[in-house]
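Worksheet for the structure shown next.
Here, each number is a calculation from the coordinates, and none is a lab measurement. Only a predicted model underlies this, so the values are computations on that prediction, with no experimental measurement involved. Cβ atoms come from the backbone with ideal geometry, glycine included; neighbour counts cover every protein chain shown.
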Amino acid sequence: MKIADQKTKAVDLVREALEKAKQYEDYHCFISMNEARAIEKAREIDERIAKGEKVGRLAGVPYALKDNYLSPEGVTTAAAKMLDNFPAPITATAVKRLEDEGAIMIGRTNLDAYAQGSSTENSFFGPTKNAADPTRVAGGSSGGSAVAVALGIVEFALGSDTGGSIRQPASFNGIYGIKPTYGTVSRYGVVAMASSTDTMGCFAQNADDINLVMDVMAGKDDKDSTTLEKFWKDQLPAAKEKKIGLITDFMGDGVDPEVVRCVNEYAEKMKKAGYTVEEISIPMLKYGLAIYYIVQPAEVASNLSRYDGVRYGLRSAKAHDLDSLYQETRNEGFMPENQRRILIGNFVLSSGYFDAYYLKAQKARTLLIRAYKEAFEKVDVLLCPVAPAPAFKFGEKTDDPLAMYMEDVMSVPQSLAGIPSISVPAGKTKDNLPVGAQLCAWRGNDQMLLSIAKHVEEKD
Ligand code: GLN
């Protein structure tokens, strides 16, 4: 990562990033830019360096921020009309920690509204284009951040991953992305989606940059009681002689043969780098998607109930009494996908159906976690694709919510189990579309995954 020092000026780094952002404006990575403030901050850093003052580990490094992180710089929209004009009163802990080390936010990136979606087509502001093929989707929900890194506008960008929102766009755009162990990075100040699986992570071009950014963000935060004591170290651990399990359940029917080929080739590279790779079947994983699309909408319905037209953002002009205030505001402010999840969520939580759906899904979730535990008694790391196919064309799945949900079949099980998972570039299809391989391990082993990915790349 290029850091500002006596030779490299922070102002030049920031200007260069802003220029690139303009050059690639057509891709629509950003919802809003933070130009004036970013340059001002860069100047301050340059002055401090000139005076010989100590600056942070990310001094002058421009970065892009998914527009669901709150900070007073600009407006946090979560890509929804509801928050279109919402000045954030607080700063997310992750953002604060980055900025304390000198990182400079140049713009807020596009996402599916409230991080619900797998293509960034659900954004109120319109979709983001894929970095490798602009006729295709960026992936989602953190599509804008992934494309900003893949196009080289910034060296890292923040995302949030509740069921694949960092990993899948990383895979679609050929870069690295991490969904850490649940609780690694504080969720304080990030627009809540599904609180039991929301995790904060990032995108970068390599494992070392991810490691540095995560090291800065990770650790206990009094404002988020689910945060873990910091287990992250500044150096990646040695990770040799690990046993890898290639998940056969995700390498067969319904998976694009080009994706299977790329992941198999990645498995071969792992062998070449000295790892043992064996096949493993975990039948329980196939139920992950069904569990997720009950538990997750239930949490969405609860979290989005706060948008009542009174406390945050939009207040419909059509309202004439309290009921219509709720109805009109929520009707105008949410995207159709948000509304669908609110309906599903309230249904599965309703007294008549709670036992049949929500409770059953939570029981199945426990079985899924157990299945992972058993698998990790046999192998150290699990390998599988990130998504069943490479980036798809715009509009291909917008009329078919179930087809869109199928995108998440390989990325939601890890989220339900709270385990770390990374997406690493694993080659390209014959049509030149990037494909990612997904590596996951038991909780707390995030850095082992990065270390393995780095080692495999070095030995390639
Ligand atoms: N695509 C998944 C969903 O729509 C995951 C989204 C996310 O991780 N934020 O729920």
**Prompt:** Full extension from Leu343 to Arg37: what is 0.36 nm times the residue separation minus their Cα-Cα distance, to one decimal in nm?
**Reply:** 106.1 nm
**Message:** If you average the C-alpha positions of the stretch 144-175 and of the stretch 384-413 separately, how far apart do those two centres end up, in angstrom?
**Reply:** 16 Å
**Prompt:** For all pairs of alpha-carbon atoms in the stretch 52-187, what percent lies in each bin of width 10 Å, listed from the first bin to the last filled one?
**Reply:** 14, 43, 35, 7, 1
**Item:** For Met105, residues with placed amide H under 5 Å, excluding near neighbours
**Value:** Tyr63
**Message:** If I take R0 = 30 Å and measure r between the Cβ atoms of Glu241 and Arg370 in this structure, what FRET efficiency does the formula 1/(1 + (r/R0)^6) give, to the nearest 0.05?
**Reply:** 0.70
**Message:** Compute the orientation-averaged projected area for the chain from the convex hull of its Cα atoms and round it to one decimal in nm².
**Reply:** 21.4 nm²
**Asked** Got a sec? How would Arg15, Arg306, Arg43 order by Cβ neighbour count within 10 Å, fewest to most?
**Response** Arg306, Arg43, Arg15
**Prompt:** In the structure displayed, which of Lys7/Lys51; Lys240/Lys269; Lys66/Lys223; Lys81/Lys397 lie more than 25 Å apart, Cα to Cα?
**Reply:** none
**Fill in**
With the 8 Å Cα cutoff and a minimum separation of six or more residues, the stretch 155-224 has a relative contact order in percent of 40 percent
**Request:** For the stretch 373-434, take the alpha-carbon Rg, divide it by the Kirkwood Rh, and send me Rg/Rh.
**Result:** 1.04
**Message:** If the reach is capped at under 18 angstrom between alpha carbons, list the lysines near Lys220, excluding any in the same chain fewer than eight residues apart.
**Reply:** Lys96, Lys179, Lys230, Lys233
**Asked** Pulled fully out, how much extra length does the chain show between Lys230 and Thr135, if you take 0.36 nm times their separation in residues and subtract their Cα-Cα distance?
**Response** 30.0 nm
**Request:** Bin width 10 Å, alpha-carbon pairs only: give the P(r) of the stretch 243-374 as whole percents, running from 0 to the bin holding the largest distance.
**Result:** 11, 26, 23, 19, 14, 6, 1
**Message:** Along the Cα→Cβ direction, 7 angstrom out, place labels at Lys360 and Lys318. What is the inter-label distance in nm?
**Reply:** 3.6 nm
